[in-house]
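Down below is the structure, laid out as C-alpha cells.
The values are calculated or read from the model by the stated rules, or taken from the named source; none is laboratory data. Being a predicted model, the structure only gives us computed values, none of them experimental. With ideal geometry, Cβ positions are generated from the backbone for all residues, glycine too; neighbour counts draw on all protein chains shown. For accessibility, only protein heavy atoms count, side chains too; no ligands or nucleic acids. Shrake-Rupley method; radii C 1.70, N 1.55, O 1.52, S 1.80 Å.
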Amino acid sequence: MKEIIPPDGGQHHLKNYESVFGTFRFEDVHADFSWHTTGKVNMAYELIDRHTTGPRKNKTALLYADDHRRESYTFEDLRKLSNRFGHLLQRLGVSKGDRVFFFMPRSPEVYIGMLGAFKIGAVVGPLFEAFMEGAVTDRLADAEAAVLVTTAALKERVPRGKLPNLRHLIIVDEQPEYAAGEVNFKQAMAESEEELELAWGSLEDPMILHYTSGSTGKPKGVLHVQGAMIQHYITGKWVLDLQEDDIYWCTADPGWVTGTSYGIFAPWLNGATNLVRGGRFSADGWYRTLQDYGVTVWYSAPTAFRMLMSAGDELTAKYSFGRLRHVLSVGEPLNPEVIRWGLKVYGKRIHDTWWMTETGAHMIVNLPCMDIRPGSMGKPFPGIEAAIVDNQGNVLPPNSLGNLAVKTGWPSMMRQIWNNPAKYDEYFSVPGWYISGDSAYMDEDGYFWFQGRVDDVINTSGERVGPFEVESKLVEHPAVAEAGVIGKPDPLRGEIIKAFIALREGYAPSDELLDHIRLFVKTGLSAHAAPREFEVLEKLPKTRSGKIMRRVLKAKELGLPTGDLSTIED
Ligand code: WTA
C-alpha cells in the first residue's frame with residue numbers, strides 16, 4: 001500500500017479534482033478578466049489597476065521586510081508608483097517591445113519597476129542578483145536590452161562598453177555622481193506623472209523573458225506572453241488556494257520564474273496580499289517572518305525546507321504558525337521525509353508542484369482537495385494533459401519510465417527562445433508534445449513520480465545550472481585545459497556541482513589552485529554555479545567528435561556502470 005495523506009478538510013476554492021479534470025477549459029475563466037469585456041490587454045492593469053476600481057483599492061498589496069526596511073503598499077499605491085515608473089521609462093524613449101532588465105536585490109522597487117514596464121508594453125527581463133559580469137553580459141547582450149534597472153554596487157558588473165544596445169541604467173539607490181546614460185531613480189520618479197496612458201495590446205504580446213539553462217550552449221531566453229496570466233490566475237486560485245484575507249509569502253526571488261509567476265502574477269491577479277522578505281536565508285528570520293506577519297499561504301522549496309529541518313525542532317517550537325493554512329513546494333524533488341516532518345512541526349501538508357521556466361506556470365500539482373502521495377509531484381492541473389512518452393511520442397502505459405511530456409497549447413507555454421528558433425523547436429521534436437527533459441512515471445491512479453533529468457542539467461538548491469556554461473568558464477582559467485561538470489547527489493542541496501578538470505602543462509594540482517579556480521567561476525559567473533568539488537584527471541572522457549562525456553563522469557562518480565562506450569575517443 002502506498003502512503004497517503006488525505007486533505008485536511010478546510011474550505012478550499014476547488015472542492016473536488018474529479019469534478020473539473022477533463023471538463024475544465026482555460027477559456028472558462030476568461031470572463032474573470034477585464035479584457036474579456038474591453039478587448040484590450042495589459043498585464044499590469046490586471047495585476048493592480050483593476051483592483052483599485054473596487055473594494056480592494058486600499059487593501060494591502062505588498063508587504064516588504066528586510067533587516068533595514070519594513071514597508072506596506074496598497075493596490076492604489078502600486079497603481080500610482082508603477083504609473084510613475086512607466087512614465088519614467090517613456091521619457092527615456094522606451095517603447096512597446098523594448099527589453100527592460102532588472103538586476104538588483106529584492107526590494108519594493110523591483111516590483112514597482114516591473115509593473116511600470118508592463119504598463120508601457122516593455123518586455124521585462126529579470127536577472128538574479130548573484131550573477132557576475134560574464135553571466136550578466138551574456139544575457140543582456142542576447143536580449144539586446146535597452147534599459148537596466150540596478151543598484152550603484154551591482155552596476156560594476158555591467159560592462160557598458162560591451163553592450164552597445166544598453167542605453168540607460170536606472171540606479172535605484174543614490175550615488176554621488178551619475179555618468180552619461182545613468183538615471184537617478186528617486187529624482188526621476190519624483191519628476192514623473194502619477195497618471196499614465198497604458199499601452200494596450202493582445203494576449204499574444206511578449207511580456208517577460210527569463211534566461212534559463214540547458215545542457216548545451218549559453219543560457220536561453222524563454223519568452224512568455226501576456227496570455228500566460230490566464231494560467232497564473234487560475235493556478236493561484238486553485239493550487240495556491242488564495243483567498244481574500246490571506247497573507248501570502250513566496251520565498252523565491254523574482255530573478256527566477258517562481259518569483260515572477262508565483263511571486264508577482266498569481267497573487268496579484270487574485271488580489272492577494274503579497275509578502276516579500278528581502279535578504280538572505282536564516283531559519284530564525286524565516287520563522288519570525290511566518291509568525292510576525294501571520295503568513296497563511298507559504299510557497300517555498302525543498303532545499304529551504306531541508307535547511308529548516310536541519311535547524312532543529314527546538315527552533316520550530318519557539319515560534320507559532322497558528323495562521324499558516326497552506327504550504328507548497330517547487331523546484332526539485334520533495335522528499336517524503338520532509339512532508340512527514342512538515343506535518344509534525346507545522347501541522348500542515350506540504351503540497352508539491354511541478355513545472356518549469358518554459359511551462360510558465362503549474363503543470364502537475366497537489367491540490368488542497370487531493371490525497372497526497374509523498375514522493376509524487378501530484379496530478380496534472382485541470383486543463384493540462386500530461387503523459388509519459390517514449391522518444392517517438394508513443395504514450396506509455398502506467399508505471400513505465402519515460403519522458404515527462406505535456407500536450408502543447410496551454411496558456412503559459414513559452415512562445416519563443418529568444419534569437420534561437422532551432423532551440424525552441426528541440427522541445428517540440430515529437431509532434432503535439434512538449435518534451436520537458438525530465439524523466440518520470442505515472443502510477444495507475446494518475447499520480448506522476450519524478451525520476452531525474454534526461455539531460456545533464458544540474459539542479460542545485462532548486463536552481464538550474466547548465467554544465468556547459470560552467471565548463472566554458474572553467475576553461476577560461478589559464479590552468480584548465482578541459483572541464484566536465486556534473487551534478488552530484490547531495491542530501492541538503494539536492495545536487496552539488498562537481499567539476500572534473502585536466503590541467504594545462506606546467507600546472508600541478510594543489511588546494512590553492514583549485515580554490516583559485518573555484519573563485520574564478522564564482523566571480524566570473526555566479527556563486528551558485530561555482531563547483532563545490534573538484535577532481536583533477538589526466539584527461540577527460542570524450543566522444544570521437546570531441547564532446548566531453550558527462551554521462552561517463554557521472555557513472556564513475558556514482559560507482560555505476562558506464563554504459564555504451566562505443567563513441568568514446570580511446
Ligand atoms: C525540476 C522551476 C522534481 C525539474 C519552477 C524541472 C522539479 C526543473 C519539481 C525546472 C518538482 C521543478 N519535483 N523536480 N516538484 N519542480 N523541478 O526552470 O527538473 O528553474 O525540469 O523552474 O526543476 O526548473 P526551473
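Quick notes on this one:
- Some residue of region 201-211 being acidic (Asp, Glu), over 30 Å from Gly487 (Cβ atoms) and touching a helix residue (DSSP H, G or I) at 6+ places or on another chain (Cβ under 7 Å): yes
- Within region 421-442, restricting attention to residues that are open to solvent by 60 Å² or more (accessible area, probe 1.4 Å) and among the acidic types (Asp, Glu), the residue that is nearest to the ligand (Cβ to nearest atom) is Glu426.
- Residue match in region 339-351 (condition: surrounded by fewer than 24 Cβ atoms within 10 Å (Cβ to Cβ), within 11 Å of the ligand (Cβ to nearest atom) and not β-branched (Val, Ile, Thr)): no
- Of residues in region 530-544 being modelled with pLDDT of 95 or more and farther than 14 Å from Glu482 by Cα, the one farthest from the chain's Cα centre (by Cα): Glu533
- Of the helices (runs of 4 or more DSSP H) that lie entirely inside region 262-324, those containing 1 or more residues that are surrounded by fewer than 22 Cβ atoms within 10 Å (Cβ to Cβ), at pLDDT below 95 and assigned by the TED database to the domain that holds Arg56 span 302-310, 313-317.
- Pairs, first open to solvent by less than 20 Å² (accessible area, probe 1.4 Å) in region 209-230, second within 11 Å of the ligand (Cβ to nearest atom) and of a type in the set (Ser, Thr, Tyr), C-beta under 6 Å, six or more apart: His210/Thr357; Thr212/Thr357; Pro219/Tyr211; Pro219/Ser213; Gly221/Tyr211; Val222/Thr212; Val222/Thr357
- Pairs where the first residue, in region 346-362, is under 14 Å from Phe448 (Cβ atoms) and the second is open to solvent by 20 Å² or more (accessible area, probe 1.4 Å) and more than 6 Å from the ligand (Cβ to nearest atom), C-beta under 7 Å, 6+ apart: Thr359/Met413
- Residues of region 443-477 classified as more than 14 Å from the ligand (Cβ to nearest atom), open to solvent by 10 Å² or more (accessible area, probe 1.4 Å) and either under 17 Å from Met377 (Cα atoms) or part of a loop (DSSP other than H, G, I, E, B) (or both), total: 3
- In the set (1) open to solvent by less than 40 Å² (accessible area, probe 1.4 Å); (2) part of a loop (DSSP other than H, G, I, E, B), Lys96 fails one condition alone, (1).
- For region 231-252, residues that are open to solvent by less than 20 Å² (accessible area, probe 1.4 Å), farther than 23 Å from Asn42 by Cα and within 13 Å of the ligand (Cβ to nearest atom) total 2.
- Annotation note: Cβ proximity below 8 Å between a residue of region 35-56 that is open to solvent by 50 Å² or more (accessible area, probe 1.4 Å) and part of a helix (DSSP H, G or I) and a residue that is of a type in the set (D, E, K, R) and modelled with pLDDT of 95 or more (sequence gap 6+ or interchain) occurs for Tyr45/Lys119.
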